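Trainee: Below is a structure I'd like to ask you about.
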Amino acid sequence: MHSLTIAFLVALLAHLAVQTWLARRQIAHVMAHRGSVPAGFESAVSAAEHAKAADYAGARQRVGVIETLYDAVIVLALTLGGGIALLGEWVASFTQPGVFAGTVHLLAVFAVMTLAGLPFTLYRTFVLEQRFGFNRMGPGTFLADQLKAWALGLLLGGAVAAAVLWIMASAGTAWWVVGWAAWLAFSLLVTWAWPRVIAPLFNKFSPLEDHALRQRIDALLARCDFHAKAIYVMDGSRRSAHGNAYFTGLGREKRIVFFDTLLSSLGPAQIESVLAHELAHFKLRHIPQRLLVGAALSFAGFALLGWLSRQEWFYTALGVPVASDAAALLLFMLVLPAFTWVVSPLLAAWSRRHEYEADAFAAKHADARALAEALVTLYKDNATTLTPDPLYSAFHDSHPPPAARIERLRAKFTPAAVTP
């Protein structure tokens, strides 16, 4: 057995073991605190709401463990099990070698993975989310969303796959530099196109009509010297009861988007404070930092792929006897996560630091008390557990634990008792 084969299996099994162990810790910790609302939240979160959040977190973790194991089986079947090679032979039976054949090969593997994951998508939507009162999507909307997502995947995925395969075939040994630049340009293009072309395919976006709230938001933007082209309300309630708000777009084309569910659950001061938090990620340059780190990581990834794609053992050790550009891309995308998951805690810690910094910014430019109240309301409405396992949270969570986050707001900005 090749050393890469052994390393891949060990890394994959280690990932499964750690993820399962962390999930079990999370379930046990959340359930152990199910019957007691944490101190400081008693006036805002009822015992029944706290228990629901615990049950929701536990149910999601149990499904997540099964899905992680299932995904590992799919990856093994496609790599060491010969699935990529088999699909490559199938494509070769009706196409000539080249960019088109490679593109079809890539899309065929992605189609298999998408169909393999469909049962979990269905379960989460129509069983798990339904059980806890979050799903508002019927079978018709679900099917329409899936068909649109698949069509977009075919169009965009096919285009980028063909472009990268063409670069691999024509740009020589340094193809990975050109490929990285093309990937970066594609990512920026999608970021630009998302609010204008892609997102409206799935949701309706209407200009914010609440004049008083719009004036309040405009005043906040002026205080922070921030430009946003438009403020929209998204009909998120058509699909889910979860609430959110976000910025989208690039440069002076940035747009503010509120879920209608969020607007219905928060007051004006709370909405302003949530927006101030999101705005902070731009003003504190968190977004450019993340883009730069993402670009650097993708550059390193393309460099590694450029080297691996020229090594015969890379293919044979992972279940592909005949090397090809498409096989190199597929193996790299499927195998790399088995080795890179170890950096997850570092990225999560970096994200949590950004969240704390954004909270501090929001407290200076809006109202700390309103932000704390808004967070508690969102935790309650989204059934977010208030008592995550510390180790699980440190490894996975991009946002600070609720109790620590609220406590920091109280300690630094001395708000009164939090009430929704």
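Trainee: Any residue at all in segment 75-90 that's at pLDDT 95 or above, small (Gly, Ala, Ser) and not in a helix (DSSP H, G or I)?
Mentor: Yes; the residues of segment 75-90 include at least one that is at pLDDT 95 or above, small (Gly, Ala, Ser) and not in a helix (DSSP H, G or I).
Trainee: I need the full set of residues from segment 185-236 which are closer than 30 Å to Lys364 by Cβ, loosely packed, with under 13 Cβ neighbours inside 10 Å and in contact with a Leu (Cβ under 8 Å, 6 or more places away or on another chain), in order please.
Mentor: Selection gives His227 alone.
Trainee: Here's something else I'd like to know. Out of all the residues in segment 167-212, which are small (Gly, Ala, Ser), assigned to a helix (DSSP H, G or I) and on the phi < 0 side of the Ramachandran plot?
Mentor: Ala169, Ser170, Ala174, Gly179, Ala181, Ala182, Ala185, Ser187, Ala193, Ala199, Ala212
Trainee: Residue check: is Thr95 among the hydroxyl-bearing types (Ser, Thr, Tyr), outside any loop (DSSP other than H, G, I, E, B) and in contact with a helix residue (DSSP H, G or I) (Cβ under 9 Å, 6 or more places away or on another chain)?
Mentor: Criteria not met by Thr95.
Trainee: Continuing with this model, one more query. Please go through (1) hydrophobic (A, V, I, L, M, F, W, C); (2) touching a residue at least 60 places away in the same chain (Cβ under 8 Å); (3) part of a loop (DSSP other than H, G, I, E, B); (4) closer than 30 Å to Phe314 by Cβ for Phe41 and return the number of the only condition it doesn't satisfy.
Mentor: (4)
Trainee: Still on this structure, I have one more. Taking the residues in segment 213-271 that are among the β-branched types (Val, Ile, Thr) and not in a helix (DSSP H, G or I) as candidates, determine which candidate is modelled with the lowest pLDDT.
Mentor: Once the filter is applied, the top-ranked residue is Thr248.
Trainee: Taking segment 337-359 only, how many residues are under 20 Å from Gln289 (Cα atoms), hydrophobic (A, V, I, L, M, F, W, C) and free of Cβ contacts under 8 Å to residues at least 60 places away in the same chain?
Mentor: 6
Trainee: Residues Thr103, Thr114, Thr125, Thr121: which one is touching a strand residue (DSSP E or B) at 6+ places or on another chain (Cβ under 7 Å), closer than 27 Å to Gly83 by Cβ and among the hydroxyl-bearing types (Ser, Thr, Tyr)?
Mentor: Sole residue among the options that is touching a strand residue (DSSP E or B) at 6+ places or on another chain (Cβ under 7 Å), closer than 27 Å to Gly83 by Cβ and among the hydroxyl-bearing types (Ser, Thr, Tyr): Thr125.
Trainee: Please tell me if Thr377 is out of contact with any His (no Cβ under 7 Å at 6 or more places or on another chain), modelled with pLDDT under 95 and surrounded by fewer than 19 Cβ atoms within 10 Å (Cβ to Cβ).
Mentor: The answer is no for Thr377.
Trainee: Across segment 123-148, what is the number of residues that are out of contact with any Leu (no Cβ under 9 Å at 6 or more places or on another chain) and under 30 Å from Gly98 (Cβ atoms)?
Mentor: Residues in segment 123-148 being out of contact with any Leu (no Cβ under 9 Å at 6 or more places or on another chain) and under 30 Å from Gly98 (Cβ atoms): 1 in total.
Trainee: Select from segment 52-81 the residues that are buried (at least 16 other Cβ atoms within 10 Å of the Cβ) and of a type in the set (Gly, Ala, Ser) and write down the one among them that is nearest to Val127 (Cα to Cα).
Mentor: So, considering only residues that are buried (at least 16 other Cβ atoms within 10 Å of the Cβ) and of a type in the set (Gly, Ala, Ser), the one nearest to Val127 (Cα to Cα) is Ala59.
Trainee: Could you count how many residues in segment 12-61 are basic (Lys, Arg), out of contact with any Gly (no Cβ under 9 Å at 6 or more places or on another chain) and farther than 26 Å from Met333 by Cα?
Mentor: Total meeting the criteria: 2.
Trainee: Moving on. So, Ala368, is that one more than 30 Å from Glu129 (Cβ to Cβ), at pLDDT below 95 and in contact with a Pro (Cβ under 7 Å, 6 or more places away or on another chain) or not?
Mentor: yes
Trainee: Here's something else I'd like to know. From the residues in segment 26-50 that are among the small types (Gly, Ala, Ser) and surrounded by 18 or more Cβ atoms within 10 Å (Cβ to Cβ), which one is modelled with the lowest pLDDT?
Mentor: The residue in question is Gly40.
Trainee: Now for a separate question. Of all residues in segment 151-184 being closer than 19 Å to His105 by Cβ and among the β-branched types (Val, Ile, Thr), which is surrounded by the most Cβ atoms within 10 Å (Cβ to Cβ)?
Mentor: For segment 151-184, the residue satisfying everything is Val164.
The values are calculated or read from the model by the stated rules, or taken from the named source; none is laboratory data. Bear in mind the structure is a predicted one, so any value in this text is a computation, not a measurement. Note that each Cβ is placed from the backbone with ideal geometry, even for glycine, and that neighbours are counted across all protein chains shown.
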